[in-house]
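Q: Before I ask anything, here is the structure I am working with.
Please treat every number below as a calculation from the coordinates, not as lab data. The structure presented is a predicted model; accordingly, all values stated were derived computationally and were not measured. Cβ atoms come from the backbone with ideal geometry, glycine included; neighbour counts cover every protein chain shown.
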Amino acid sequence: MLEDIDKETVDFARNYDDSRDEPLVLPGRFPNLLCNGSSGIAVGMATSLPPHNLGEVGAALEALLEEPDISGEKLLQLCPGPDFPTGGTIMGRSGIAQAYLTGRGLITVRAKYHIEEKAKRRSLVFTEIPYQVTVAAIVESIVEAVKNGKIETISDVNNETNARTGMRLVVELKKSVDDETVTLNQLFKFT
């Protein structure tokens, strides 16, 4: 992260007590923060920066070097959004644009699922979940929502995740359920 710092690659300024010069930014050869993401709290402000695709970040940085006054919209075309390692589906693009252009925004990620039908009973099978969410936490919140009466159409929840088949969370619906749309909306709202 300090590669070539002695070759005037970044600007320096006096430190807090004016005793020495320090770099204003670190001249890292790799955009760690953008590619790996980060989260934390400092000075009472929470921040969360999602991980991004290295190729997209590289293209955006190259364009920024070639055209320092490039618009945020053009950068969004080169780096259209986060690259979450665990999957899920990003719901809408406006939250991404708002986060990138203003520094504040909300990116909603939903689990990926499909429907299976066995013995006249439907099941919602989730195969990808959002970044930094655990299957155990989802199961716990589903059980809590069912116990509290927020969701009344679920008969059972099974975590069938294993190394061979990968992520698989099965939510069995009651036999009386004809349309899973309401249950899905409740799951996305309460879990």
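Q: Report, as a whole number in µm² per second, the diffusion coefficient that Stokes-Einstein gives for region 34-191 at 10 °C and 1.306 mPa s using the Kirkwood radius over alpha carbon pairs.
A: On the way: Rh = 18.1 Å.
D = 88 µm²/s.
Q: Where does the charge balance sit around LEU76 when Lys and Arg score +1, Asp and Glu -1, over other residues with C-beta under 14 Å from its C-beta?
A: Details: positive: LYS74, ARG93; negative: GLU56, GLU73.
Result for the local shell: 0.
Q: Given the -39500 (n - 2.57) contribution per DSSP H run of 4+ residues, what per-residue ellipticity at 222 nm results for the chain, rounded to the nearest 500 deg cm²/dmol? Mind showing how you got there, number by number?
A: On the way: 6 runs with 57 residues, N = 191.
For the chain, the value works out to -8500 deg cm²/dmol.
Q: Continuing with the same structure: Provide the packing ranking of 105-117, 5-17, i.e. peptides ordered by the mean count of other C-beta atoms within 10 Å per residue, highest first. Could the numbers behind the result be given before it?
A: On the way: 105-117: 14.6, 5-17: 9.8.
Most protected by this proxy first, the peptides run 105-117, 5-17.
Q: In percent, what relative contact order does region 1-155 have, based on Cα pairs under 8 Å that are 6 or more apart in sequence?
A: Dividing the mean separation by the residue count of region 1-155 yields 12 percent.
Q: In addition: Given Cα pairs under 8 Å that are at least 6 residues apart, what percent is the relative contact order of region 1-71?
A: Details: 72 pairs, mean separation 15.0, N = 71.
It rounds to 21 percent for region 1-71.
Q: I would also like to ask the following. VAL171: net charge of surrounding residues, Cβ under 12 Å, Lys/Arg +1, Asp/Glu -1, itself excluded? Please list the in-between numbers first.
A: Details: positive: ARG121, ARG122, ARG168, LYS174; negative: GLU116, ASP156, GLU160, GLU172, GLU180.
Net charge around VAL171: -1.
Q: Now for a separate question. What net charge do the residues around SER94 carry, taking every other residue with its C-beta under 14 Å from that of SER94, with Lys and Arg at +1 and Asp and Glu at -1?
A: Working: positive: ARG93, ARG104; negative: GLU73.
Local net charge: +1.
Q: Of PHE126, LEU78, ALA63, which is farthest along the charge dipole of region 1-130 in the positive direction, counting Lys and Arg as +1 and Asp and Glu as -1 at C-beta?
A: Working it through, the farthest residue towards the positive pole turns out to be PHE126.
Q: Against the longest alpha carbon principal axis of the chain, how many degrees, from 0 to 90 and to the nearest 10, is the axis of helix 181-190 turned?
A: Its long axis makes an angle of about 50 degrees.
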